[in-house]
Amino acid sequence: MNLNNKKIIFYDGECGLCNRSVAFVLKHEKEKTILFTAIQSEFTKELFLTNGWQSPDLSTFYFYENGKLHSKSTAALSLSKYLKFPQSLLRALFIVPRFIRDGVYDFIAKRRRRISKGFCVMPTPEDRARFLN
C-alpha cells in the first residue's frame, strides 16, 4: 500500500477504551479520510517490519501522517487537527511538555482495560472500508 498522504490510526483492537476512541474519531472527524487498523493486525505487523519501526506496543496509540509515525500523546494531539471544532482545540495541549503529556498518557494506558470494558466499534458499511486488516 502506498502510504503517501494517508492518515492511519493504530489501536489495540481488544481494548474497550481504544475502541471507544476509534468511535469518537469516526463521529468527530472533519472528513472521512482517516484509516484504522488494530495493532494486532497482519497489516500493522508487516508495515512496522517493512519500515524498520520498533514492534508496536499494545498499550500505545499510534497515528501515521505525512510519512511520520507518532505515538502516545503526540499521536492523539496530532490527530486532533483532523477533528471538528471544538475537539480540534485539543491541539493547544502541545504547549504542555511531552514528558508530562506522556506521563498522563501512561497513567491512563496502564488502567485502560479497567476504565472501559467490553466495547466494540461497529462502523457503518461506508466506514468499514476504512478499516485495514
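Multiplying the sequence separation of Leu90 and Arg20 by 0.36 nm and subtracting their Cα-Cα distance, what value in nm do you get?
Here the answer is 23.5 nm.
Looking at [x] 25.3, 87; [y] 15.0, 51; [z] 14.1, 40, which value of Rg and Dmax of the Cα atoms in Å comes from a calculation on the structure shown?
[z]
Work out the length of the dipole vector of the chain about its Cα centre, built from +1 on the beta-carbon of each Lys and Arg and -1 on the beta-carbon of each Asp and Glu, and round it to the nearest 20 debye.
The dipole magnitude comes to about 460 debye.
Any chance you could run the full-extension gain for Lys110 through Glu126? It's 0.36 nm times the residue separation minus the Cα-Cα distance, nm to one decimal.
2.5 nm
Take every DSSP beta bridge with both residues inside the chain and express the antiparallel ones as a percent of the total, to the nearest 5.
55
In the structure shown, do any of Lys30/Lys110; Lys45/Lys84; Lys32/Lys110; Lys27/Lys68 have a Cα-Cα gap over 27 Å, and if so which?
Over 27 Å apart, Cα to Cα: Lys30/Lys110; Lys45/Lys84; Lys32/Lys110.
Values in this text are rule-based calculations from the coordinates and carry no lab data. Please read all numbers here as calculations on a predicted model, not as lab measurements. Note that each Cβ is placed from the backbone with ideal geometry, even for glycine, and that neighbours are counted across all protein chains shown.
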